[in-house]
1. Working only within the stretch 141-165, note down all residues that are in a loop (DSSP other than H, G, I, E, B), of a type in the set (S, T, N, Q) and crowded, with 16+ Cβ neighbours inside 10 Å.
2. If THR168 passes every condition in (1) more than 21 Å from the chain's Cα centre (by Cα); (2) part of a loop (DSSP other than H, G, I, E, B); (3) of a type in the set (Ser, Thr, Tyr) but one, which one does it miss?
3. Going by the structure shown, is GLN78 surrounded by fewer than 15 Cβ atoms within 10 Å (Cβ to Cβ), free of Cβ contacts under 8 Å to residues at least 40 places away in the same chain and under 20 Å from the mean Cα position of the chain (by Cα)?
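Just so it is clear, none of the values below were taken in a lab; they were calculated from the coordinates. Treat the numbers as computed from the prediction; the structure is a model and nothing was measured. Glycine also receives a Cβ, built like all others from the backbone with ideal geometry; neighbour counts cover every protein chain displayed.
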Amino acid sequence: MATPKKQRIGIWIIAAVMLVGTIGSFVVMVLANENNQKDLAEQQKLYDEYMKQLEEQQKVDDAAAKGLSDKYYSTFAQYGSMPAAFDESSVGDTVTTKDLKVGDGVEIKEGTKYKAYYIGWTPKGTVFDSSIQDGALKAPIDTSQMNLIEGWNQGVIGMKVGGVREITIPSDLAYGEEGSGESIGPNTPIKFIVMVIETVEVAEE
């Protein structure tokens, strides 16, 4: 049976509408894909620029660290053999210090930011961290960029730039009941040798 003319027209109209909708959807998808590609390209460009800046900054930092190592290695390396076992029961509950070399620079006070080299060890004489590595010094720590344990903060007060100090820290002013990693067990007192090499100016916000 033949389809009535009006019905055929209606079918054609529906088909046309569907075709237009399909084409429209395809165009939208193409444009969206192009925009996504542009966005991805822009993101990749920004990422590449960021990584390049990081690489350049790393080169600057490495050069600065090497310069400081060349300057201070011979002075600080002589303390590398000092870590030895100690009686943890004799540590007590307060920080104690012993100046190995008195500095002649700026005095470290509460809130002073500075750079320093260090060696840290446990009662067994095991060094858990050290600035000395492979015959050179790693980049010094910068206290304007990090937080340190309370015992360290107390122990450096009164030092002067250029000075070297041995600091003995009771466990509750070190890493307490939790310890730190596999090297420092719970309730373990620790010792550090610290050499302050320079102060750091911090811009006011």
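1. THR143
2. If we test THR168 against (1) more than 21 Å from the chain's Cα centre (by Cα); (2) part of a loop (DSSP other than H, G, I, E, B); (3) of a type in the set (Ser, Thr, Tyr), just (2) comes out false.
3. no
Here is a yes/no grid of residues against (1) of a type in the set (Ser, Thr, Tyr); (2) loosely packed, with under 14 Cβ neighbours inside 10 Å; (3) touching a Lys or Arg at 6+ places or on another chain (Cβ under 9 Å); (4) more than 19 Å from GLY179 (Cα to Cα):
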site: LEU100; (1), (2), (3), (4): no, no, yes, yes
site: LYS109; (1), (2), (3), (4): no, yes, no, yes
site: GLY120; (1), (2), (3), (4): no, no, yes, no
site: GLY125; (1), (2), (3), (4): no, yes, no, no
